[in-house]
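Each remark here refers to the structure printed beneath this line.
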Amino acid sequence: MRLKSAPSQAPLYSIQIDIHTPLSQPATEPMKQTLFTIALVTLIPIAAIAQSRDHSKRNVLFLVTDDCNVDLSCYGHELVKTPNIDKLAKRGVLFSRAYAQYPVCNPSRSSFMTGLYPYQTGVLSNGGDFRKQNPNVVTLSQMFRNHGYTAARVGKIYHYGVPGQIGTDGEDDLASWDIRINPRGIDREIHERIHSIRPNAPIESRFGGTLSWLRVNEESALHTDGIGATEAIRMLDELHPQKTGRPFFLAVGFYRPHTPYVAPSRFFEMYASDEIHPVMERPDDRDDIPLAAWHDRPGQRELTIEQRKEIIQAYYASISFMDEQVGRVVDALGERNLDDKTVIVFLSDHGYHLGAHGLWQKSDLFEGSCHVPLVIVEPNSSERGSIAPNPVELIDLYPTLADLCGVEAPSHIRGTSLVPVLANPEQIVKQGALSVTVSRAYQMHKVFTKKRVMGHSIRTKQYRYTQWGDGKYGHELYDYESDPNEYTNLADRPEYADPLRVLRAALNEAVRRAK
């Protein structure tokens, strides 16, 4: 446990607690409770409590999962079991067309946590740091700190190298938090047992950036996300407004289903191999698509059907395991009578492919990579269980939470508040959702030699239009009403000249605003 000053306008301190649970048994509850209680007394000065006591302010429970696509039962998937996320969706509004601004971890998280587009954060890869270009930017959680909230983080909110940085601060922004808790469980300790499609690759290339998985006998409480859920529940006790006199912003970041897909065996047993039907690449699928669009990774197009089934089973098991931890935290919120005073958000940082177009994982500009699950639960909403069908962006979360909690958002934010959509799910608040990425085709396709080609894509309710290098390296147009699997690129077909012209103008305007 380490106590540090935190650079922030709020007169608080930052406490970091690294939670490591032995493999043989869960962490001792009374011991950890004592450590944290002592830290909290130091964290919040009595004068600050007196000045900010306001039981009418809403709390925020901000639940972020990693690399999770929309293969969830509340999104209509017939196989994947996510009963706890489903319950959230029935309590709030499910956004059926929510999109990441950059389908890679660090750029996406930096974007929605700052309220800026990736060009504006300066983070266009997992190696970036938004503070270099924006040293004084007020992040989402800082905004709440500056309005009298206690901001706590459990697990992964900003970028971490997974699995290597689990149990550390990763690439965290220390100014964003009063409290930081870094769980580390059995999944971080058993790398020698994990299956990988690149078993002979260097250890750093064997897991996080490629397909890897393992079923284990150890139960949920010993895994990083299980420990994280336990610590989040502890935070609900320690930060309860009746105890502190302050509202809270509690961000809980789950690592699963990010690779390696490690989960207890009982979650694997939910998905029988004969129920899994992998998407296979069509022989002509790539014929009309620009080379710049392909973010292939070593060994992934050559997988056998049995390998695909085993990988998908492990991914789905990891989703269900994560869903259980979400349920534990949300149930604990209700048990502490905080449901009617807390806004709940559930999201993923970006989508994830499981074989579509021959692609696995993320980083490209197809639907599977950019499309994310998003549920917002507003206390006392009249639209419980509604579906919002129009495109929104993750960058919209910053102004939305400011509006829902009655705090003034800083002037720099670029998103659009979704409060009108929460009141009327059919409401349209923007033309479309913008996603950008750097083409990585040069890494796998020797004929593509350009290393810095930007891809820009706009998703409307019906279409997606994508340009590579402002069109110099090709463009794509998909009509999801007639072609939900993106098999036919319509960009050069004369009969689509009119929608193409409208979409190109909308994309160019969106990119202009995002720079």
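Here are some notes:
- The chain - convex hull of alpha carbons, volume per residue in Å³: 138 Å³
- Fraction of beta bridges assigned by DSSP in the chain that are antiparallel (%, nearest 5): 45 percent
- FRET efficiency for Met280 and Arg193, using Cβ-Cβ distance with R0 set to 30 Å, rounded to 0.05: 0.55
- Accessible area in square angstrom per residue, region 79-166, 1.4 angstrom probe: 24 Å²
- Solvent exposure of region 378-515 as accessible area per residue, Å², 1.4 Å probe: 47 Å²
- Model label zone, His445; criterion: amide N under 20 Å from point 7 Å along Cα-to-beta-carbon; scope region 242-282: 280-282
- Expressed per residue, the C-alpha convex hull volume of region 117-185 stands at 81 Å³.
- Percentage of interatomic Cα-Cα distances in region 199-241 larger than 12 Å: 71 percent
- Flagged links, alpha-carbon separation over 26 Å, of Lys87/Lys341; Lys132/Lys341; Lys81/Lys430: Lys132/Lys341; Lys81/Lys430
- Compactness of region 218-373 as Cα Rg over 2.2 N^0.38 Å, two decimals: 1.29
- Anchor Lys362: lysines whose Cα lies under 19 Å away (excluding residues fewer than 8 positions away in-chain): Lys156, Lys309, Lys451
- Alpha-carbon gyration tensor eigenvalues x 5, square-rooted, for region 73-139, Å: 32, 13, 9
- According to the Cα-based calculation, Rg over Rh for region 52-171 is 0.99, with Rh computed by the Kirkwood formula.
- Computed helical MRE - 222 nm, the chain, DSSP H runs ≥ 4 contributing -39500 (n - 2.57), nearest 500: -8000 deg cm²/dmol
- Over region 378-484, volume per residue of the alpha carbon convex hull, in Å³: 151 Å³
- Viscosity 1.306 mPa s, temperature 10 °C, Stokes-Einstein D of region 338-392 from Kirkwood C-alpha radius, µm²/s: 119 µm²/s
- Projected label distance in nm at Asp479 and Ala201, using a 7 Å step from Cα toward the beta-carbon: 3.9 nm
- Region 238-280 - accessible surface per residue (Å², probe 1.4 Å): 30 Å²
- Distance in nm between pseudo-label sites at Gln242 and Tyr496 (7 Å out along the Cβ direction from Cα): 5.8 nm
- Residue order by solvent-accessible surface for Lys450, Lys132 is Lys132, Lys450, largest first, with ligands and nucleic acids left out and a 1.4 Å probe.
- Fraction of the pair-distance distribution of region 126-249 above 21 Å, Cα-Cα pairs, percent: 51 percent
- Protection proxy ranking for 464-472, 141-149, using the average of other Cβ atoms within 10 Å per residue and placing the highest first: 141-149, 464-472.
- Estimated FRET transfer efficiency (Glu509, Asp287; beta-carbon r; R0 25 Å; 0.05): 0.20
- Largest first and in whole Å, the equivalent-ellipsoid semi-axes of region 438-493 read 24, 12, 10, each the square root of five times a Cα gyration tensor eigenvalue.
- Of all accessible heavy-atom area on the chain, the percent that carbon and sulfur account for (1.4 Å): 50 percent
The values are calculated or read from the model by the stated rules, or taken from the named source; none is laboratory data. What you are looking at is a predicted structure, and each value in this text was computed from that prediction instead of being measured. With ideal geometry, Cβ positions are generated from the backbone for all residues, glycine too; neighbour counts draw on all protein chains shown. Just the protein is used for accessible areas: all its heavy atoms, side chains included, with ligands, DNA and RNA removed. Shrake-Rupley method; radii C 1.70, N 1.55, O 1.52, S 1.80 Å.
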